[in-house]
């Protein structure tokens, strides 16, 4: 009986520990702006493109000097439910672009969801932590650079 109680306790600790590992800390607009500028992006505030109450902050990090090579969009929305909805909608749009040759990955755990797709020479990313999300639609040639930046900010 003691063995059974001990095993049950060990299993419960493992379950609780695994559940906590799925949690990530989101960055806010100020942190995103600072990290993006530090990485060489030009950051523009595009919050005014949305109706009041739709977004708290919407920043676009642009890479490229002569022309835009690609951009990473960062949003803070009022609720986590809105971020989840935006994540699911964009993921669906990305999947509609899937070609016959593609690679993708999807993770959803705790307060975090991540999806990427590489297909037809394009690299798509949607990543969400709580009420924030990142959106990328870029040429696949920039995949490593984009992935590195997203990893550096925890997305």
Regarding the range 36-48, can at least one residue be identified that is in a helix (DSSP H, G or I) and surrounded by 17 or more Cβ atoms within 10 Å (Cβ to Cβ)? yes
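Does residue 113 meet the test of being more than 21 Å from residue 32 (Cβ to Cβ) and either touching a strand residue (DSSP E or B) at 6+ places or on another chain (Cβ under 8 Å) or surrounded by 21 or more Cβ atoms within 10 Å (Cβ to Cβ) (or both)?
Numbers: more than 21 Å from residue 32 (Cβ to Cβ): no; either touching a strand residue (DSSP E or B) at 6+ places or on another chain (Cβ under 8 Å) or surrounded by 21 or more Cβ atoms within 10 Å (Cβ to Cβ) (or both): yes.
Taking the combined requirement at face value, the residue does not satisfy it.
If I go through the range 127-155 residue by residue, how many of them are under 13 Å from the mean Cα position of the chain (by Cα) and farther than 15 Å from residue 24 by Cβ? Even if it seems obvious, please write down each step before you answer.
First pass over the range 127-155, keeping only residues under 13 Å from the mean Cα position of the chain (by Cα): 127-137, 146-155.
Narrowing further to those that are farther than 15 Å from residue 24 by Cβ: 135-137, 146-149.
Qualifying residue count, the range 127-155: 7.
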Residues (over 24 Å from residue 149 (Cβ atoms) and at pLDDT 95 or above) located in the range 50-81: 78, 79, 81
Matching residues in the range 53-82 (within 16 Å of residue 40 (Cβ to Cβ) and outside any strand (DSSP E or B)) number 6
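The values are calculated or read from the model by the stated rules, or taken from the named source; none is laboratory data. Please read all numbers here as calculations on a predicted model, not as lab measurements. No Cβ is skipped: glycine too gets one built from the backbone with ideal geometry, and neighbour counts run over all protein chains shown.
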